[in-house]
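Okay, so here's the structure we're looking at.
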Amino acid sequence: MQSYDFDVVILGGGPAGLSAGIYASRGAVSTALIDISMMGGQPSNYLELENYPGFPIVGGYDLMEKFEEHADKFGVQKFPMQEIESIDLKSEPKIIKTKEAEFRAKSVILACGAQPMKLGVAGEKEFVGRGVSYCAVCDGAFYKGKVVAVVGGGNAAVEEAMYLTKFADKVYVIHRRNELRADKIVQERAFKNEKIEFIWDSVVKEIKGDDLVHTAVLENVKTKEVSNLPVNGVFPYIGMVPNVEYISGQIEQDAGGFILTDETMKTSIEGVYAVGDIRKTPLRQVITAASDGAVGAVYAVKYLETLKESEVTV
């Protein structure tokens with residue numbers, strides 16, 4: 001197994017991780033960026049973004065490609081497609097083991113992001129890839145001329161519902177409340193879209209099908225009435241859960257598992273910083289992730305400087 005030593009190891013290659021890589025490398029410290037897949041993170045799957053400053057409309061993949069090129073310019077060493085086996089944040093140095101290598105770091109920046117929350121209902125797991133999807137951009141084209149349901153009421157749910165109208169003949173938006181949480185401008189667009197129909201005060205209780213999905217079983221949360229909604233696909237967008245599989249138990253987290261930090265992105269462990277969607281934050285957007293990455297990296301570099309100073313005094 002190959003071994004590497006770095007001043008800073010960043011876990012996650014999305015906007016938070018790439019931003020952290022840029023700022024850490026500019027701080028003249030050796031920097032590695034590790035990801036379980038390719039660089040770019042979730043935004044790489046977004047058809048387009050229209051709220052990233054300087055880019056009125058930009059493809060998610062195109063924007064992340066620019067992030068990666070910027071990181072390359074400053075010499076960030078990238079290690080994509082690494083299958084994590086263990087992470088020890090309390091040891092000195094901190095140790096990250098993958099199936100391919102062992103990474104030792106004086107400081108670690110956690111930028112592992114979050115993933116869509118599951119509905120947790122019968123049929124959901126069984127029909128993933130056969131009618132259940134968590135990525136409209138990835139799978140929307142499979143539903144040309146069909147009927148689909150999006151579950152949720154936030155920006156992601158409503159925006160993905162509008163995207164799906166490019167293919168599907170009908171898109172239901174199922175929300176447990178009687179009003180959306182999405183931004184007003186997003187709501188207005190959706191309400192004007194003739195292909196979208198809203199089902200209020202309802203939750204999905206079960207997803208049924210044979211080889212493919214054909215029914216979403218709904219329950220009205222107020223009347224408790226149960227009904228069958230014929231659909232060819234179900235797209236849940238009900239929230240996010242942090243990717244903390246190898247981190248939990250070592251670090252301070254909130255009830256939802258999100259990592260707690262101070263304003264410098266410092267965690268409860270000395271030399272460990274958390275940035276982007278993995279930490280407790282009031283807003284999860286590309287711009288806030290990039291901002292977190294910059295702050296976390298700057299203070300990781302400051303931390304490394306204090307280590308050097310202590311070595312000199314000793």
* Going by how many other beta carbons lie within 10 Å of each one, how would you line up Ser133, Ser30, fewest first? -> Ser30, Ser133
* Structure fact -> Most exposed to least, judged by fewest other Cβ atoms within 10 Å, Leu18, Leu47, Leu218 sort to Leu47, Leu218, Leu18
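Out of region 98-138, which GluC sites (Glu not before Pro) are coil in DSSP terms and have no more than 15 other C-beta atoms within 10 Å? Working shown, then result.
Values: sites: Glu100, Glu102, Glu124, Glu126; in loops: Glu100, Glu124, Glu126.
Here the sparse-neighbourhood loop sites are Glu100, Glu126.
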* Asked: Separation of region 2-32 and region 234-272 by C-alpha centroid, Å?
  -> 19 Å
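Please report the relative contact order for the chain, taking Cα pairs under 8 Å with a sequence separation of at least 6, and give it as a percent rounded to a whole number.
Taking the mean separation of contacting Cα pairs over the length of the chain, I get 21 percent.
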* Asked: Beyond 25 Å, what share of the Cα-Cα pairs of region 118-236 remains, rounded to the nearest whole percent?
  -> 14 percent
* Asked: Once the Cα atoms of helix 155-164 and of the chain are each reduced to a long axis, what angle between those two axes, in degrees from 0 to 90 to the nearest 10, is obtained?
  -> 60 degrees
* Lysine pairs within region 1-146, Cα separation less than 17 Å, 8 or more sequence positions apart or different chains -> 6
* Projected onto the charge dipole of the chain (+1 at Lys/Arg Cβ, -1 at Asp/Glu Cβ, origin at the Cα centre), which of Ser37, Ser25, Ala255 gives the Cα projection farthest towards the positive end? -> Ala255
* Asked: Counting only Cα, what are the radius of gyration and maximum Cα-Cα distance Dmax of region 119-180, in Å?
  -> 11.5, 30
* region 118-236: relative contact order in percent, alpha carbon pairs under 8 Å with at least 6 residues between -> 32 percent
* To do: Within region 58-90, list the GluC sites (Glu not before Pro) lying in a DSSP loop whose Cβ has at most 16 other Cβ atoms in a 10 Å radius.
  => Glu83
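What is the magnitude of the charge dipole of region 199-288 about its Cα centre, with +1 placed on the Cβ of each Lys and Arg, -1 on the Cβ of each Asp and Glu, and no other charges, expressed in debye to the nearest 20?
Here region 199-288 has a charge dipole of around 180 debye.
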* In the chain, what percentage of the DSSP-assigned beta bridges are antiparallel, given to the nearest 5? -> 40 percent
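Listing Asp35, Asp169 from the residue with the fewest other Cβ atoms within 10 Å to the one with the most, what is the order? Can you show the working numbers first?
Working: Asp35 24, Asp169 13.
Ordered by Cβ neighbours within 10 Å, fewest first: Asp169, Asp35.
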* For helix 15-26, what angle does its Cα long axis make with the longest principal axis of the chain, in degrees from 0 to 90 and rounded to 10? -> 20 degrees
* **Given charges at Cβ of Lys, Arg, Asp, Glu: region 105-188 dipole, positive-most of Ile109, Gly131, Ala156** => Ile109
* Which whole number of Å³ per residue matches the convex hull of the alpha-carbon atoms in region 1-88? -> 101 Å³
* How many angstrom separate the Cα center of region 212-232 from the Cα center of region 58-75? -> 42 Å
* Structure fact -> Taking every DSSP bridge whose two residues both lie in region 118-236, the antiparallel percent to the nearest 5 is 45 percent
* Taking the chain as a whole, which cysteines find no other cysteine Cβ under 4.7 angstrom from their Cβ? -> Cys112
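Run the dipole for the chain about the Cα centre, Lys and Arg Cβ at +1, Asp and Glu Cβ at -1, nothing else charged, and hand back the magnitude in debye, nearest 20.
On the way: 34 positive and 44 negative charges, 126 e Å.
Value, rounded to 20: 600 debye.
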* **Residue-span extension gain [Lys144 to Ala255] - 0.36 nm each, minus C-alpha spacing** => 36.0 nm
* Asked: Could you name the lysines in cross-link range of Lys222, using Cα to Cα under 20 Å and dropping any fewer than eight places away on the same chain?
  -> Lys205
* Where does helix 286-313 land angle-wise versus the long Cα axis of the chain, in degrees 0 to 90, nearest 10? -> 20 degrees
* Taking N as the number of residues in the chain, what value does Rg over Cα atoms divided by 2.2 N^0.38 Å take? -> 1.10
* Asked: Under a point-charge model restricted to the Cβ atoms of Lys and Arg (+1) and Asp and Glu (-1), what is the dipole moment magnitude of region 118-236 relative to its Cα centre, in debye to the nearest 20?
  -> 140 debye
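Computed from the coordinates by the stated procedures, all read-outs in this text should not be read as laboratory data. Here the structure is a predicted model, which means the values were calculated and not measured. Every residue, glycine as well, gets a Cβ built from its backbone with ideal geometry; the counts of neighbours run over all protein chains shown.
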